[in-house]
Structure formats: C-alpha cells, structure tokens
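Reviewing the structure listed below.
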Amino acid sequence: MPSRTRKFRGLRTHGRGIKAGRGAGKQGGRGNAGLHKYKFKSMLIYAPDHFGRHGFQRPTKMVERPTSLNVGELDAFVPVLESAGALRRDGETYVADLAKAGVDRLLGGGATSRSWKVVVAHASKHAREKVTVVAPDAGASAPGAP
C-alpha cells in the first residue's frame, strides 16, 4: 500500500493547511493551555474550580498528631515499655503506662496473648473490650479530690 507522504512530496504543507502540521497549533495548544484566554468559556463550563485556592488548611503547629498503638501490638511493644520504665507485672497481668512511653491512644486492632492493664489517655471502645484501661490520673480527677 503506497504511503500518503509520497503523494504530497513537493507540496509545502502536505495537505494540512499552513499551521496544522506544526505541533499542537490547530487544537489551540496542548493540555490546559489557554484556559485564561481563548479556552476560557470551556474552563467555566467543564472545570470552574481549576484556578484559585480552595478550602482552608490549619497551621501545622495547631494540628494534633496523637501517637496511637493497637492492642495487637502490645506484646511486641514490651521491650520499649521496659526501657521507658513503663511496665510492671501484677501476677499474670502486665500493667503498662503508655503515657510514659509516648503513646496517646490505644486502638482495638488485633489481639493479645497476655492479660493487660493499660494506663492511657484515650482508648477506643474495642480496645476497652480487649484490655483493662485506666485513666492516667484517675485519683486526681475524682470528685471531691483536693
């Protein structure tokens, strides 16, 4: 099958008009070129939120990023708790103060092979079902306490 190129040899534009064969000239640029000029109406219809800033983002120093730990990770976390001085044993029960180890929340993912009593600021409902959770300052926040 003969190629069309051979047919147009000697013709300046190869049948494409003056600008059509040079890059993306005939389609008005590539991609989003011209959205603030000649493609403005199409931008208003199909992508009205394309330009400008959207939403609000809080300053990073204001955002809390609590450290969390799953119940299933407690057994593997024992060496860290021991090095922080946050672990002791009451018979068969391990008592861990996660606040000393830098953990703010206890989540309920996984399961443990041991019996745990955990002192932590926040715990999820599923974590409370799996281990015994104690508030960090249970005695100081009791009513009538000095």
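Some notes on this structure:
- Odd one out for Arg105, checked against (1) in contact with a helix residue (DSSP H, G or I) (Cβ under 6 Å, 6 or more places away or on another chain); (2) at pLDDT 90 or above: (1)
- Test for Pro66: is it modelled with pLDDT under 90 and surrounded by fewer than 10 Cβ atoms within 10 Å (Cβ to Cβ): yes
- Candidates are the residues of segment 65-122 that are among the β-branched types (Val, Ile, Thr) and part of a loop (DSSP other than H, G, I, E, B); the one that is farthest from the chain's Cα centre (by Cα) is Thr112.
- Looking only at segment 1-35, residues that are surrounded by 10 or more Cβ atoms within 10 Å (Cβ to Cβ) and on the phi > 0 side of the Ramachandran plot come to 7 in all.
- Single residue of Lys41, Lys26 found to be out of contact with any Leu (no Cβ under 9 Å at 6 or more places or on another chain), at pLDDT 90 or above and over 26 Å from Asp137 (Cβ atoms): Lys41
- Selection status of Asp49, assigned by TED's automatic domain parsing to the domain that holds Asn32 and either of a type in the set (A, V, I, L, M) or surrounded by fewer than 13 Cβ atoms within 10 Å (Cβ to Cβ) (or both): yes
The values are calculated or read from the model by the stated rules, or taken from the named source; none is laboratory data. Note that the structure is predicted; figures quoted are calculated from it, not measured. Here Cβ is always computed from backbone atoms with ideal geometry, including for glycine, and neighbour counts include all displayed protein chains.
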